[in-house]
Amino acid sequence: MSARIAVWGGVLLAALIALPGASQAAETLTVPAGFSLEVLAHVPYARELAVTPDGDLFVGTSGKHVMLVPNAEGDASTPVVFATMGDAPAAGVALDRDALFVGTQFGVWRIPYRAGDRVARHAPVEIAAVRTSGISRDHHTTSLALSGGRLFVSVGSSCNACDPEVDSTRATIQVLELPAGRLTPKAIHIRNAIALAVNPASGDLWAGVAGQDELAHDHPYEMFDDVTAHHGVADYGWPYCYENRRATRRAHSCSDSIVPRVVFPAYETPIGAVFYPLDSHGRYAFGAPYNGGAFVTLHGSWHQPPQPPRVVFIPMRDDQPLRPVNWDDARTQWDEFLENFQLGDGTRVGRPTGIAVGPQGSLFIADDDAGVIYRIRRRAL
């Protein structure tokens, strides 16, 4: 069994740590009053997460391995290698009833899955190619999300700000009709939509997007938007448009570019997102006011001064944030939920990446810097 720590309402109760890289994070991180935080498992370079109906946890990574944490909703055991891909990073994971889909740098793969599988029963089969130019440059991860028989595939740009792109899959969100089909664009001119999340109540796909560098100080705001709320192919305007249809070049019109529903401060870098179910009745369900809202992991910036990594919560109802965008302040729509990844001197104890909700209501968060998986639960009364 993995060694764990527990934090109750921001107060450290115990610190028995046997996981490399976890100790300092465990002593620093805080959650809201009434919640507990545990270091559940050690998974180096953990990225996206996907939970099975019986509580196992798939973990995509920055390497070639897809890991599995057995019984993550219970007394979790040691992580195991579920599959080894022929391409890295194997960061994106999405689970269907009978298959695990994996997004790597140059492809999307299908692995047959049955409940209880601890190791892939068949070799991965490539079902789509991305970054078809073969150029390995910038933004190497491929994020995945499933909704209504469609697999959404996000591919980041090959550069900070360029046009045209090196191939038609770059700076897009593509959709693949299952069980077989071809990729067709759902969103274009979207620089790096790393964080994909489906609202289970509506089936809508939301995307958290990392904006371009080298604009005016404190800009551009990062965004989180309901991609499928827009008819046809949604055009987000990169690299010429950002925020509330602001133009990076005077001569360029941004009148038709998408305006996002949620914003974060510049360079926060949304990496993962998940909607908390409206009807979660599991043993560890968070309850109101979290039902129907979205959690987003912010990886933090590499710019100076560094924006801190954190996990935030956005209250929502029917795919609408309860607080509208304030274009003068990108900090008004969300509340910090898991914080203190960054110390007062600017050093960091971790950086959150993937995020998922378990069948009993636990919130799982990956950290690719500390190399761990956290589990957060409402404190038992």
Checklist outcome for this item: Per the filter on segment 215-246, residues among the hydrophobic types (A, V, I, L, M, F, W, C), out of contact with any Asp or Glu (no Cβ under 9 Å at 6 or more places or on another chain) and either over 30 Å from GLN304 (Cα atoms) or at pLDDT 95 or above (or both) are PHE224, VAL233
Next on the checklist: Can you pull out every residue in segment 89-103 that is open to solvent by less than 30 Å² (accessible area, probe 1.4 Å) and either in contact (Cβ under 8 Å) with a residue 40 or more places away in the chain or not in a loop (DSSP other than H, G, I, E, B) (or both)?
Outcome noted: PRO89, ALA91, GLY92, VAL93, ALA94, ALA99, LEU100, PHE101, VAL102, GLY103
Checklist outcome for this item: Scanning segment 104-114 residue by residue, the ones that are part of a strand (DSSP E or B) and open to solvent by 20 Å² or more (accessible area, probe 1.4 Å) total 3
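Enumerate the strands (runs of 3 or more DSSP E) found wholly within segment 173-215, keeping only those where 1 or more residues are open to solvent by 10 Å² or more (accessible area, probe 1.4 Å) and either in contact with a strand residue (DSSP E or B) (Cβ under 6 Å, 6 or more places away or on another chain) or under 26 Å from GLY292 (Cα atoms) (or both). Quick ask: steps written out before the conclusion?
Numbers: elements: 184-188, 195-198, 205-209.
The strands (runs of 3 or more DSSP E) meeting that bar are 184-188, 195-198.
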Checklist entry - When residues of segment 99-114 are filtered for being under 17 Å from VAL80 (Cβ atoms) and either at pLDDT below 95 or among the aromatic types (Phe, Trp, Tyr) (or both), how many remain? => result 1
Checklist entry - So which residues in segment 249-268 are more than 22 Å from THR332 (Cβ to Cβ) and surrounded by fewer than 19 Cβ atoms within 10 Å (Cβ to Cβ)? => result ARG249, ARG250, ALA251, HIS252, SER253, SER255, ASP256
Checklist entry - Here are some conditions: (1) buried (at least 23 other Cβ atoms within 10 Å of the Cβ); (2) within 30 Å of GLY344 (Cα to Cα). TYR242 meets all but one. Which one does it not meet? => result (2)
Next on the checklist: Could you go through segment 131-142 and let me know if any residue there is acidic (Asp, Glu), open to solvent by 20 Å² or more (accessible area, probe 1.4 Å) and assigned to a strand (DSSP E or B).
Outcome noted: no
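Here's the yes/no breakdown for (1) touching a strand residue (DSSP E or B) at 6+ places or on another chain (Cβ under 7 Å); (2) in a strand (DSSP E or B); (3) at pLDDT 95 or above:
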{"residue": "PRO324", "(1), (2), (3)": "no, no, yes"}
{"residue": "TRP327", "(1), (2), (3)": "no, no, yes"}
{"residue": "THR332", "(1), (2), (3)": "no, no, yes"}
{"residue": "LEU338", "(1), (2), (3)": "yes, yes, yes"}
{"residue": "GLY344", "(1), (2), (3)": "no, no, no"}
{"residue": "GLY354", "(1), (2), (3)": "yes, yes, yes"}
{"residue": "ILE365", "(1), (2), (3)": "yes, yes, yes"}
Checklist entry - Which number in (1) within 29 Å of ALA171 (Cβ to Cβ); (2) without any contact (Cβ under 8 Å) to a residue 24 or more places away in the chain; (3) of a type outside the set (Phe, Trp, Tyr) marks the one condition that PRO112 misses? => result (1)
Next on the checklist: List the residue pairs whose Cβ atoms are under 6 Å apart, where the first residue sits in segment 197-224 and is on the phi > 0 side of the Ramachandran plot, the second is open to solvent by 20 Å² or more (accessible area, probe 1.4 Å) and not β-branched (Val, Ile, Thr), and the two are 6 or more positions apart or on different chains.
Outcome noted: GLY203/GLY148
Checklist entry - Any residue in segment 307-321 that is surrounded by 22 or more Cβ atoms within 10 Å (Cβ to Cβ) and over 30 Å from GLY344 (Cα atoms)? => result yes
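Considering only residues that are β-branched (Val, Ile, Thr) and within 21 Å of PRO305 (Cβ to Cβ), which ones fall in segment 247-271?
The initial filter retains those residues of segment 247-271 that are β-branched (Val, Ile, Thr), namely 248, 258-259, 262-263, 269, 271.
Within segment 247-271, VAL263, THR269, ILE271 meet the criteria.
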Next on the checklist: So GLY237 passes all but one of these: (1) at negative phi; (2) assigned to a loop (DSSP other than H, G, I, E, B); (3) surrounded by 15 or more Cβ atoms within 10 Å (Cβ to Cβ). Which condition number does it fail?
Outcome noted: (1)
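Right, VAL153: touching a residue at least 24 places away in the same chain (Cβ under 8 Å), among the β-branched types (Val, Ile, Thr), assigned to a loop (DSSP other than H, G, I, E, B) and under 23 Å from VAL227 (Cβ atoms) or not? Give the steps one after another, and end with the answer.
Values: touching a residue at least 24 places away in the same chain (Cβ under 8 Å): yes; among the β-branched types (Val, Ile, Thr): yes; assigned to a loop (DSSP other than H, G, I, E, B): no; under 23 Å from VAL227 (Cβ atoms): yes.
The answer is no for VAL153.
Being outside any loop (DSSP other than H, G, I, E, B) and open to solvent by less than 10 Å² (accessible area, probe 1.4 Å) is the filter here; which residues of segment 62-82 pass it?
VAL66, LEU68, VAL69, PHE82
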Next on the checklist: One residue is enough: does segment 279-302 have a residue meeting the conditions among the polar types (S, T, N, Q) and more than 24 Å from THR142 (Cα to Cα)?
Outcome noted: yes
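The values are calculated or read from the model by the stated rules, or taken from the named source; none is laboratory data. Since the model is a prediction, treat every value here as computed from it, not as a measurement. Using ideal geometry, Cβ is built from the backbone for each residue, glycine included, and neighbour counts are taken over all protein chains shown. In case anyone asks, the SASA skips ligands and DNA or RNA and just uses the protein heavy atoms, side chains included. Shrake-Rupley method; radii C 1.70, N 1.55, O 1.52, S 1.80 Å.
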